[in-house]
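Notes follow once the structure below has been shown.
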Amino acid sequence: MDIALKTLVLIIFILVPGFLFRRVYFQGPFSQQFDSKSWSHSIFYSALFGILINFAGFYCYEYLFQKINYPYCLSFYNSLTKEKIEKKDLNLFSIESVYKYLAILYFVSIFLGWFIYEVVRNFKLDRYFAPLRFSNNWHYYFKGEIKDFKDFSLEKGKCNATTVDVLVKSEKDGNNLYSGILTSYDLDHNGNLDYIVLTETQIYDQTQKKFKEIHSTVFKIPNSNINNINFRYSYLDEDTTTIDFISVVLLFSLWFYTWWDPSSILLDYNLLSRIALKLLICFTIIGISVTTSSILRLIIYNKIFKPITEDINPTEKVEIEKSNSEKRLKIKIMKNDIRGSFYSTLFFAITCFVIIYFTY
């Protein structure tokens with residue numbers, strides 16, 4: 001029973017923080033890497049990251065509340081193996097302090113997982129340094145991020161659309177060549193490519209020696225039928241993702257450490273309320289800035305469509321139509337980004353207001 005209690009403490013304070021960190025870090029197209037290994041692998045790395053995250057938790061707790069009595073914590077943990085906890089240890093024990101520390105620890109775990117992921121992705125560290133690279137190599141090919149690999153020398157800029165030519169085997173017609181904009185894909189439980197999804201799909205007519213459109217909104221091709229794939233990347237603008245991320249981080253840092261403290265209007269509130277107010281103002285400004293920037297880019301993109309005139313030859317006409325299709329896809333993505341930025345800012349603002357209200 002005593003061993004089980006000490007194991008439970010280790011799980012709560014060590015494994016769970018590491019689990020949360022890894023769950024948030026392996027997100028989006030790399031989420032399958034979270035549970036792609038054995039249980040022993042997951043437990044080992046969760047414990048390793050959990051120990052490191054506890055150091056950050058110690059610092060945050062002492063900064064927000066009070067200094068931690070480390071000798072007492074160690075003595076209390078060792079006393080769990082005894083038949084009963086010593087009275088002097090029990091008198092110093094505070095369940096409220098445990099709740100506060102766990103709340104901080106779990107928040108730090110989630111925040112660090114998200115922040116480190118954003119740093120690695122926005123500063124392209126996973127593309128420049130192989131040890132930081134995620135196991136989902138298909139993402140780097142499908143999104144044109146292999147241009148930053150040392151083994152490739154491709155056009156610089158942000159890849160906004162990927163056009164693929166897929167040679168598909170067919171028992172009836174032999175091999176068919178399809179071309180379209182890569183919109184989505186999925187992996188199986190082993191991390192291998194399962195299928196790809198194309199839009200604006202065309203098939204090569206061997207009789208007429210040209211591509212012709214397929215009347216399809218979404219075209220799904222299983223990986224088991226694919227012989228090979230040719231990638232063509234479209235670079236519509238410079239890659240400003242890293243610059244945007246740096247700007248957001250600098251804005252947050254400058255605002256948080258500025259000499260003018262907006263939380264002074266809440267001097268009668270506790271520390272958590274004042275921090276919530278600062279975060280509310282900071283992230284509201286960031287949300288407005290990002291949303292405004294996205295709207296301006298959307299206005300610019302709406303003006304760069306190439307017109308199709310009667311004097312254009314068929315081959316050039318097909319290329320212009322493909323280019324316009326890629327731009328329409330980019331505009332659709334930008335609209336979703338604007339919507340996401342707006343709702344994220346609104347959600348965070350409501351959350352901060354709730355914290356301020358209930359912690360008064």
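The values are calculated or read from the model by the stated rules, or taken from the named source; none is laboratory data. The shown structure was predicted, so the numbers you read here are calculated from the model rather than taken from an experiment. Positions of Cβ are generated from backbone atoms using ideal geometry, with glycine treated the same way; all protein chains shown enter the neighbour counts. Note: accessible area is taken over every heavy atom of the protein model, side chains too, but ligands, DNA and RNA are not part of it. Shrake-Rupley method; radii C 1.70, N 1.55, O 1.52, S 1.80 Å.
One residue alone among Ser135, Ser109 is touching a residue at least 24 places away in the same chain (Cβ under 8 Å), of a type in the set (Gly, Ala, Ser), closer than 20 Å to Asp35 by Cβ and outside any loop (DSSP other than H, G, I, E, B), and that residue is Ser109.
Among the residues of this structure, Lys169 counts as one that is open to solvent by 70 Å² or more (accessible area, probe 1.4 Å), assigned to a strand (DSSP E or B) and either at pLDDT below 85 or among the charged types (D, E, K, R) (or both). Report yes if Arg121 is open to solvent by less than 60 Å² (accessible area, probe 1.4 Å) and either modelled with pLDDT of 90 or more or of a type outside the set (Ser, Thr, Tyr) (or both), otherwise no. Considered against the rule, which asks whether it is open to solvent by less than 60 Å² (accessible area, probe 1.4 Å) and either modelled with pLDDT of 90 or more or of a type outside the set (Ser, Thr, Tyr) (or both), Arg121 comes out as yes. Among the conditions (1) surrounded by 14 or more Cβ atoms within 10 Å (Cβ to Cβ); (2) touching an Asp or Glu at 6+ places or on another chain (Cβ under 7 Å); (3) modelled with pLDDT under 80, the only one that Ile68 does not satisfy is (3). Of the listed requirements (1) open to solvent by 20 Å² or more (accessible area, probe 1.4 Å); (2) in contact with a helix residue (DSSP H, G or I) (Cβ under 6 Å, 6 or more places away or on another chain), Asn160 misses just one: (1).
Looking at the structure I just gave you, is Ser224 within 17 Å of Asn136 (Cα to Cα) and either part of a loop (DSSP other than H, G, I, E, B) or modelled with pLDDT of 85 or more (or both)? It is false that Ser224 is within 17 Å of Asn136 (Cα to Cα) and either part of a loop (DSSP other than H, G, I, E, B) or modelled with pLDDT of 85 or more (or both). Taking region 178-201 as the range and being among the charged types (D, E, K, R) and in a strand (DSSP E or B) as the test, the residues that pass are Asp186, Asp194, Glu200.
The residue that is least open to solvent (accessible area, probe 1.4 Å), counting only those in region 202-217 that are farther than 16 Å from Asp173 by Cβ and in a strand (DSSP E or B), is Lys210. Does Ser224 fit the bill of being surrounded by 11 or more Cβ atoms within 10 Å (Cβ to Cβ) and within 29 Å of Asp35 (Cα to Cα)? So Ser224 fails the test. Scanning region 25-53 for residues that are out of contact with any Leu (no Cβ under 8 Å at 6 or more places or on another chain), buried (at least 17 other Cβ atoms within 10 Å of the Cβ) and among the hydrophobic types (A, V, I, L, M, F, W, C) gives Phe26, Phe30, Phe49.
Just one of (1) touching a helix residue (DSSP H, G or I) at 6+ places or on another chain (Cβ under 7 Å); (2) open to solvent by 10 Å² or more (accessible area, probe 1.4 Å) fails for Trp138. It is (1). Within region 336-360, the set of residues being at pLDDT 70 or above and open to solvent by 100 Å² or more (accessible area, probe 1.4 Å) comprises Arg339, Phe342, Tyr343, Phe347.
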